[in-house]
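Shown next, in structure tokens, is the structure this report addresses.
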Amino acid sequence: MNKLTETDIRKNGKKVVVVGAGPGGLTAAMLLCAKGFDVTVYEKENQVGGRNAPLSLGRNNEYVFDTGPTFLMMTPILREMFDATGRRLEDYCKVVPLDPMYRLSFPDGKVMDITPDQNRMEAQISRNFPGNEGALKQFMKREGVRFEKMYPCLQKDYSSWTSMVSKPLLKALPHLALGKTLFENLGGYFKDEYLKMCFTFQAKYLGMSPWECPAAFTIIPFIEHHYGIDHVEGGLSEISEAMKRVVCELGGRIELGKGVRKVITGGRRAKGIVLNDGTEVMADAVVLNADFGHAMTTLFDPGVIRKYNVDRLEKKKFSCSTFMLYLAVDKLYDEPHHHVVFADNYRANIEDIARHKRLSQDMSIYVRNASVTDPKLAPKGHSALYVLVPVANQFSGIDWSEALVKQYRDAVITRIEQKTSMKDLSKHITAEIIISPKDWESRAVYRGATFNLGHTVDQMLYLRPRNRFEEVKHCYLVGGGTHPGSGLPTIYESARISAGLVCQDLGI
Ligand SMILES: Cc1cc2nc3c(=O)[nH]c(=O)nc-3n(C[C@H](O)[C@H](O)[C@H](O)COP(=O)(O)OP(=O)(O)OC[C@H]3O[C@@H](n4cnc5c(N)ncnc54)[C@H](O)[C@@H]3O)c2cc1C
């Protein structure tokens, strides 16, 4: 493969400004640089990555955590983004496949180590859930067909309603299982409730309830079992660092610590941006990677945004939030890399989060003990533990006061001690960072909805905020708030779609 360098690229004379250096913004910047655009990314923080940035603890920052994403799925899509710039992902990041991918612990003490190896998976199903033999094979076969039909639809642009009658979408239509939920769909394969949970809890990746998430998203567990789940040495934040390097190698600029105050518009067209220090930067196109709700409510002059003005935005469905603990621990536990512990009453827990919007004391917990695989994240014999608890977003009105944060933190640690092999965890925590829904909100995540707008049928494809932003010309959206949706592979796809539209609209 020929590695493109700045001198190989014929500059096209067009200027693009990208607001935000999250995974969406960085991918778009890489792709646009490779097409000869003059690209500058403005990021309000002092590091790249957004929710995919690293966090650290310890005197020498020797405990390293990913802020958000920890499951890398569909790595071939990420590889394609690097390929498009004449590069190999593997020259920038060390990708490590995980097997088992993760452990699931059920209320009755049953444990499943989920593996992409179908024979081992079958053997576990047969041992733990007799009577379900052969169902996995059927699941992989049928869901494989759905995936083949659906995935090309996710890679398309839905700027106009006519795109809704495109060939790929019409072909996929019978496979969308419209009107069915994820949990209902799984009933077609598996009899046992716990087994259904193994293939539906992934709705949480979208911040949704498996009992409400459209059945079409059964492609997510399929993707896991088909492609596997990867880790990146040093943490998934290394991907963003790698993208930053590529942008700079291709002659793009990344301006850190430079927040954007507003998008300059004229005649409902984006003309540039104003930085927080008042500097105006004019551009031929503006790519928005800032959280969608945050951008709509803060980055435009009053009256510019109509369809997504604050009143209408508030009526949209948003994902759940997360209560996060990042723990520096002076011990390395013999615990899996990823471990999901279900609430005793999982359905009630999900309903508390999604419907009643109240705090569950019977919570589900995800613990990532990546130090067991990756020695780069903590000193030898120590670990950097990441804990994620799905909770209601800030539409709940829950007051995340200091007292509540402390009480919930203690409850989560107690739960981990009860439900995992980390029986003495509280004695080994030497430092910690906590992020509550209120903290997400103060980090420019609208209503603390960490996985952005919900992925309900009425907020997908043409009905999701569009990549070619429908309210302002020459403005393009990338990231979890636009099509195809939240999650790293789809965010990379959003950048590929939007970069394509920029080229199309500017005649490149
Ligand atoms: C806790 C958590 C766990 C997750 N786990 C996974 C996972 O395991 N796998 C997966 O695939 N996905 C996961 N996700 C979802 C998703 O992949 C990430 O949230 C991803 O980082 C979102 O990328 P983005 O490009 O949409 O935006 P962001 O990462 O939010 O980046 C937006 C950037 O814009 C910047 N910005 C905002 N406003 C301005 C402004 N005015 N001026 C300049 N800059 C601005 C922000 O500082 C930020 O850097 C997870 C998310 C969270 C929060």
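The values are calculated or read from the model by the stated rules, or taken from the named source; none is laboratory data. Every value quoted in this text rests on a predicted model; they were computed, and no experiment measured them. Every residue, glycine as well, gets a Cβ built from its backbone with ideal geometry; the counts of neighbours run over all protein chains shown. The area values use the complete protein model at the heavy-atom level, side chains included, leaving out ligands, DNA and RNA. Shrake-Rupley method; radii C 1.70, N 1.55, O 1.52, S 1.80 Å.
Details
- Fraction of accessible area attributable to carbon and sulfur, region 241-292 (%, probe 1.4 Å): 43
- Within the chain, helices built from complete DSSP H runs that reach 24 Å or longer along their own axis (Cα positions) and carry a mean Kyte-Doolittle hydropathy of -0.5 or higher are 135-154, 488-505.
- Computed from the Kirkwood radius of its Cα pairs, the Stokes-Einstein diffusion coefficient for region 312-384 at 20 °C and 1.002 mPa s stands at 147 µm²/s.
- Nearest-0.05 FRET efficiency for Asp311 and Glu280, computed from C-beta distance (R0 41 Å): 0.85
- Probe 1.4 Å, accessible area per residue of region 213-341, Å²: 35
- In this simple spin-label approximation, Asp410 and Lys376 carry label points 7 Å from Cα along the Cα→Cβ vector, and these lie 3.8 nm apart.
- Cubic angstrom per residue, convex hull over Cα atoms of region 248-370: 206
- Toward the positive end of the charge dipole of the chain, with +1 on the Cβ of Lys and Arg and -1 on the Cβ of Asp and Glu, the farthest Cα among Val232, Pro152, Ala343 is that of Pro152.
- By the helix-only formula, in which each DSSP H run with n ≥ 4 contributes -39500 (n - 2.57) and the sum is divided by residues, the chain has a 222 nm mean residue ellipticity of -9000 deg cm²/dmol.
- Two-decimal Rg/Rh across region 92-193, once Rg and the Kirkwood Rh are taken from alpha-carbon atoms: 1.07
- Using a cut-off of 30 Å between Cα atoms, the listed pairs Lys44/Lys317; Lys315/Lys406; Lys141/Lys180; Lys262/Lys376; Lys44/Lys149; Lys244/Lys357 include Lys315/Lys406; Lys262/Lys376; Lys44/Lys149; Lys244/Lys357 as exceeding that distance.
- Length gained on full extension, Val96 to Lys171: 23.5 nm, using 0.36 nm per residue less the C-alpha separation.
- Region 178-216 versus region 42-97: alpha-carbon centroid distance in Å: 29
- Expressed as a whole percent, the accessible surface of region 118-225 that belongs to carbon and sulfur atoms is 58, based on a 1.4 Å probe.
- Note on region 240-320: Rg/Rh from C-alpha atoms, Kirkwood Rh, equals 1.02.
- Per residue, region 1-65 exposes 45 Å² of accessible surface when a 1.4 Å probe is rolled over the protein heavy atoms with every protein chain present.
- Its Cα gyration tensor gives region 316-446 an equivalent ellipsoid; the semi-axes, largest first and in whole Å, are 26, 16, 13.
- Length gained on full extension, Thr298 to Ala348: 14.4 nm, using 0.36 nm per residue less the C-alpha separation.
- Here is the list for region 145-250: trypsin sites (Lys or Arg not before Pro) lying in DSSP coil, each with at most 13 other C-beta atoms within 10 angstrom of its C-beta, are Lys191.
- The convex hull around the C-alpha trace of region 167-322, projected and averaged over every direction, spans 14.4 square nanometres.
- From the Kirkwood radius over Cα pairs of the chain, Stokes-Einstein at 25 °C and 0.890 mPa s returns a whole-number translational diffusion coefficient of 105 µm²/s.
- A straight chain from Thr7 to Asn128 at 0.36 nm per residue would run longer than the Cα-Cα distance by 37.7 nm.
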